[in-house]
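Colleague: First the structure, which I've put down as structure tokens, then a few questions once you've had a look.
No lab work stands behind these numbers, since they all come straight from the coordinates. A quick note: this is a predicted structure, and the numbers were derived from the prediction, not measured. Heads up, the Cβs are rebuilt from the backbone with ideal geometry, glycines too, and the neighbour counts pull from every protein chain shown.
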Protein chains: 2
Amino acid sequence: MTKPLRLGIAGLGTVGAGVVKIVQTHADLMTSRTGRTVTISAVSARSKSRDRGVDLTAYDWEDDPVTLATRDDVDVFVELMGGEDGPAKAATEAAIAAGKDVVTANKAMLAIHGQELAEAAEAQGACLRFEAAVAGGIPAIKALTESLAGNEITRVMGVMNGTCNYILTRMQDAGLDYQTVFGEAEALGYLEADPTLDVGGIDAGHKLALLAAIAYGTQVDFGAMAIEGIERISIEDIEQAADMGYRIKLLGVAQMTGRGLETRMSPCLVPATSPLGQLENATNMIVLEGDSVGQIVLRGAGAGEGPTASAVLSDVLDLARGIRVSTFGRPAGELVAARSAVSTAPAPFYLRFALVDKPGALAKIATVLGDAGISIDRMRQYGHEDTTAPVLIVTHKTTRTALDEALAAMDGTGVLAGAPVAIRIEEV
Amino acid sequence: MTKPLRLGIAGLGTVGAGVVKIVQTHADLMTSRTGRTVTISAVSARSKSRDRGVDLTAYDWEDDPVTLATRDDVDVFVELMGGEDGPAKAATEAAIAAGKDVVTANKAMLAIHGQELAEAAEAQGACLRFEAAVAGGIPAIKALTESLAGNEITRVMGVMNGTCNYILTRMQDAGLDYQTVFGEAEALGYLEADPTLDVGGIDAGHKLALLAAIAYGTQVDFGAMAIEGIERISIEDIEQAADMGYRIKLLGVAQMTGRGLETRMSPCLVPATSPLGQLENATNMIVLEGDSVGQIVLRGAGAGEGPTASAVLSDVLDLARGIRVSTFGRPAGELVAARSAVSTAPAPFYLRFALVDKPGALAKIATVLGDAGISIDRMRQYGHEDTTAPVLIVTHKTTRTALDEALAAMDGTGVLAGAPVAIRIEEV
């Protein structure tokens, strides 16, 4: 039997407490599987006195996570504090400088500082792993990095924020508007302290940036992502989309185009009968597409104590087994700065707008679309309100750039009442 | 740069040719990801002259796979011949004896001889890996072995034979009976030379036996599995099940019960709205349940050149990266002979039978079920044929053992026309 693998855990919120519980309850099982015992040397958190439902008396307490991270009796620093800078980054850097392996669930820190941290780890011969940072218990990082290593990745997609998916499916099921369901989610404690992280697509965007780096061998580049949240999704769009056989999801997509790497996090229409379309409530889904493997769909809980702690242990037990993989699936020095492509991958779009009720109005819109080279797949005018008529259009494939030009021109026709809604239809 | 990882590939059917193609087309990509170049030293197959759509001139040819397996210039023996004994087993044993790592897609060989082969590999310090043997391109083995290593596994389920799922969904979609669709599948070349391997549940059973060994740390025991194929599924059952919100799937289930390890491969009813219920055509699905992670669902192509070759490369590239995991996820010597439990996990059942048309007939059946301790959740008599009346019953949870007793007693009542149909309803 080799020496135990000794953890230092910083951050004892839901996930940290979950990790401690697994180490305590499944010690023998994990030793049997990996041939190495996992122990905890010390822990650190903001409050020492808070009751977390786990017995911490056997572990040393450190007030300072940096001190914890560099202790001689810590082999793996487990960073579960969160926050892109501050103590999490300082302690991670200190651990790496001391040659420790690091396991983290911190998507924000890696989305912003992933490249420099990966390079630092590599220079020290240390591992920096983050299965828990993306889609909770779903083995997205391992599947993409290891299982699909023989594939050229053609597209990565994901519904990676459970709160957004909860809000969208709840709107649809109950026929409620966004503000009402947002209020419900807030009352239930589903939202981050800054809700923009959830509903603005930032949290999910962080995760997509990490997947894209692995998929395409590029330096993680959160800043290059086109991000749009779900705040402007109306119940009317959800219902119209459903009527045409679609669901609206906050969908992340990363794909390499002829012009560079395109990463988008935005509401999209997907077919109601597809796995993504069928995904309800707070469940997450990752879709990986490779040139040989085709489409692999992974579904599970994207957050919560058990699933996220399970993912942390996945990384820890890899280290116990001697499995050492580069942070983003290849040496950090070989990751290239991606040329960033914006909105070049063509897709059909869903358009909804209110037309003022006068002769020739629809013809003007159709002309504008035609002038922009956008052809119409389906169109319908439904109902009628006082002086305006709501119109739905599904276009044939076009680019977001061409569409934005058409939208600007539509604005100049004077036949629209209010701004049109435009939502991408992602073929899944 | 370390030395190349040199493969010897035995078996150049669809999958073998697919592996060669990936090695040829993605050499640089794979080197970049793993830090090690993968090369092919030699190949072997039954016919040297057959055109396989790949250029093999750069590789040595061996007529005898045993000779191939033991060549000095082979680091990894890739076994893609198939067959539980014969050349596949002989060459695998020879490779292991020579200290080579082995990657195989051979579910039959491992389901029957897995324990002895795993022990032999371990004694030699060799790796024996088999991602491609279960569910094609779906990373089922890696997810269960590595990603869920911190979980006590509570249940493993899977739809792992694409042909059976194709037949069942085609029957439902087209309203056709089993024999007609079986004939279609045969004409399309979807069936194994011995179709019983597919429709009899044996192929899928082999895969389930491998998953169960990993999940529960038990010696693989294909003989202990209760196997029932889809040959007796009628279009009437598919339609009645659909009418009640269910789909019929050939479902493998492995779970540890108080009485031992229960492994079953049989047609089951699953909710139409569940991921398993929504699975159509030849796609496969693996459902892994752990005490921390909850339910993880993996979906993808379970067969075919690209997906299966991708899984072979997953194992090969793990070895290139220095990832070495025990065959069944823990040392072969620690795998225990499982106590085998048969039909002890309770479930509701679907029953369909034709009742002779005389007073008190239904009461007799209800009495028999009550005497066996089986209570009725739903019952309905539908339609009417000449002298018999078809009846459907959904029971509350009971065991297969209790049900079988009740079925025997029903036979003695003299009010049944023909044998009843009984199908388990698996709660997913």
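Colleague: Relative to the longest principal Cα axis of chain A, at what angle does helix A:178-187 sit, 0 to 90 degrees, rounded to 10?
Modeller: 20 degrees
Colleague: Ok, one more. Angle between the Cα long axis of helix A:202-216 and the longest principal axis of chain A, 0 to 90 degrees, nearest 10?
Modeller: Here the helix axis deviates by roughly 80 degrees.
Colleague: Let me ask something additional. Antiparallel DSSP bridges in the range A:140-301: what percent, to the nearest 5?
Modeller: Bridges in the range A:140-301 are about 95 percent antiparallel.
Colleague: Treat each spin label as a single point 7 Å out from the Cα along the C-beta direction, and report the A:ASP60 to B:ILE227 distance in nm.
Modeller: Placing both labels 7 Å beyond Cα along the Cβ direction yields 5.6 nm.
Colleague: Where in the range A:4-51 are there trypsin sites (Lys or Arg not before Pro) that are in a DSSP coil and have at most 13 other Cβ atoms within 10 angstrom of their Cβ?
Modeller: A:ARG46, A:LYS48, A:ARG50
Colleague: Once you keep just the Cα pairs under 8 angstrom separated by 6 or more residues, what percentage relative contact order results for the range B:1-127?
Modeller: 25 percent
Colleague: Hey, can you rank B:294-301, B:316-323 by average C-beta count inside 10 Å, highest first?
Modeller: B:294-301, B:316-323
Colleague: What distance in nm separates the two pseudo spin-label positions at A:THR257 and B:ASP194, each 7 Å out from Cα along the beta-carbon direction?
Modeller: It is 5.3 nm.
Colleague: Hey, another quick one. When a footprinting reagent is the concern and you count Cβ atoms within 10 Å, what order do B:HIS113, B:HIS384 take, fewest first?
Modeller: The most exposed by this proxy come first: B:HIS384, B:HIS113.
Colleague: Averaged over its residues, how many other protein chain Cβ atoms are within 10 Å of peptide A:309-315's Cβ atoms?
Modeller: Per residue, the average neighbour count from other chains is 6.
Colleague: Can you sort B:SER32, B:SER314 by how many other beta carbons sit within 10 Å, fewest first?
Modeller: B:SER32, B:SER314
Colleague: Something else now. If r is the Cβ-Cβ distance from A:THR67 to B:ASP371 and R0 is 60 Å, what FRET efficiency results, to the nearest 0.05?
Modeller: The value I calculate is 0.30.
Colleague: Tell me, rounded to the nearest percent, the portion of alpha carbon pairs in the range A:140-301 spaced more than 29 Å apart.
Modeller: Taking all Cα-Cα pairs of the range A:140-301, the fraction more than 29 Å apart is 17 percent.
Colleague: I would also like to ask the following. From the backbone phi of the range B:9-15, what are the Karplus-calculated ³J(HN,Hα) couplings (6.51 cos²θ - 1.76 cosθ + 1.60, θ = phi - 60°) in whole Hz, Gly and Pro given as x?
Modeller: 10, 10, x, 10, x, 3, 5
Colleague: Kirkwood hydrodynamic radius for the range B:5-133: how many Å is it when counted over pairs of different Cα atoms?
Modeller: 14.6 Å
Colleague: Compute the normalised compactness of chain A: alpha-carbon radius of gyration over 2.2 N^0.38 Å, N being the residue count.
Modeller: Compactness ratio reported: 1.08.
Colleague: Okay, next question. Where the centre of each part is set by its Cα atoms, how far does the range A:373-415 sit from the range B:287-331, in angstrom?
Modeller: What the calculation gives is 46 Å, centre to centre.
Colleague: For peptide B:325-331, how many partner chain Cβ atoms fall within 10 Å of a residue's Cβ, on average?
Modeller: 3
Colleague: A follow-up question, please. State whether the range A:255-320 is rounded, prolate or oblate according to the following rule on the C-alpha gyration tensor (a ≥ b ≥ c being the square roots of its eigenvalues): a/c under 1.5 gives rounded; otherwise a/b larger than b/c gives prolate, and the remaining case gives oblate.
Modeller: oblate
Colleague: Still on this structure, I have one more. Of all chymotrypsin sites (Phe, Trp or Tyr not before Pro) in the range A:332-428, which ones are in loop regions per DSSP and have a Cβ with at most 14 other Cβ atoms within 10 Å?
Modeller: A:TYR382
Colleague: Further question: Would you please state the base-10 log of I(q)/I(0) at q = 0.14, 0.15, 0.22 1/Å for the range A:349-425, with intensities from the Debye formula using one equal scatterer on every alpha carbon?
Modeller: Treating every Cα as an identical point scatterer, log10 I(q)/I(0) equals -0.38, -0.44, -0.97.
Colleague: Relative contact order for chain B: what percent, with Cα pairs under 8 Å and sequence separation of 6 or more?
Modeller: 16 percent
Colleague: So what are the radius of gyration and Dmax for the Cα set of the range A:111-233, in Å?
Modeller: Rg and Dmax of the range A:111-233, Cα atoms, are 16.7, 55 Å.
Colleague: Please give the net charge around A:LEU168, taking every other residue with its beta carbon less than 9 angstrom from that of A:LEU168, where Lys and Arg add +1 and Asp and Glu add -1.
Modeller: Summing Lys and Arg as +1 and Asp and Glu as -1 gives +3.
Colleague: What nm distances, shortest first, do you get from the label point of B:ILE376 to those in the other copies when the point sits 7 angstrom along Cα to Cβ?
Modeller: 5.8
Colleague: Continuing with this model, one more query. Nearest 5 is fine: what % of DSSP beta bridges in chain A come out antiparallel, could you say?
Modeller: 65 percent
Colleague: Give me the net charge for the shell around B:GLU280: Cβ to Cβ below 12 angstrom, other residues only, Lys and Arg +1, Asp and Glu -1.
Modeller: +3
Colleague: Take the cross-link list B:LYS142/B:LYS207; B:LYS249/B:LYS364; B:LYS21/B:LYS89; A:LYS249/A:LYS397; A:LYS107/A:LYS397; B:LYS249/B:LYS397 and give me the ones stretching past 22 Å between alpha-carbons.
Modeller: B:LYS249/B:LYS364; B:LYS21/B:LYS89; A:LYS107/A:LYS397
Colleague: Within chain B, which is the longest segment containing none of the GluC sites (Glu not before Pro) that sit in a DSSP loop and have at most 16 other Cβ atoms within 10 Å?
Modeller: The answer is B:281-426.
Colleague: Something else about it: Is the shape of the protein assembly as shown best called rounded, prolate or oblate, per the rule: a/c under 1.5 gives rounded, else a/b larger than b/c gives prolate, else oblate, with a ≥ b ≥ c the square roots of the Cα gyration tensor eigenvalues?
Modeller: Rounded.
Colleague: Under 10 Å from the Cβ of A:VAL253, count the other residues' Cβ atoms, weight Lys and Arg +1, Asp and Glu -1, and hand me the total.
Modeller: My count for the surroundings of A:VAL253 gives +1.
Colleague: Label-to-label distances across copies for B:ALA419, with labels 7 Å out along Cα→Cβ, in nm, shortest first?
Modeller: 6.8
Colleague: Go through the range B:248-298 and name the trypsin sites (Lys or Arg not before Pro) that are in a DSSP coil and have 13 or fewer other Cβ atoms within 10 Å of their Cβ.
Modeller: For trypsin sites (Lys or Arg not before Pro) across the range B:248-298 that sit outside H, G, I, E and B with at most 13 neighbouring Cβ atoms in 10 Å, the list reads B:ARG259.
Colleague: Taking Cα atoms, how many degrees apart are the long axis of helix A:305-321 and the longest axis of chain A, rounded to 10 and kept between 0 and 90?
Modeller: For A:305-321 against chain A, the angle is about 50 degrees.
Colleague: Shortest first and in nm with one decimal, please list how far the B:THR154 label point sits from its counterparts in the other copies (point 7 Å along Cα→Cβ).
Modeller: Nearest first, the other copies' label points are 3.7 nm away.
Colleague: Could you order peptides A:94-100, A:106-112, B:23-29 by the average number of other Cβ atoms within 10 Å of their residues, highest first?
Modeller: A:106-112, A:94-100, B:23-29
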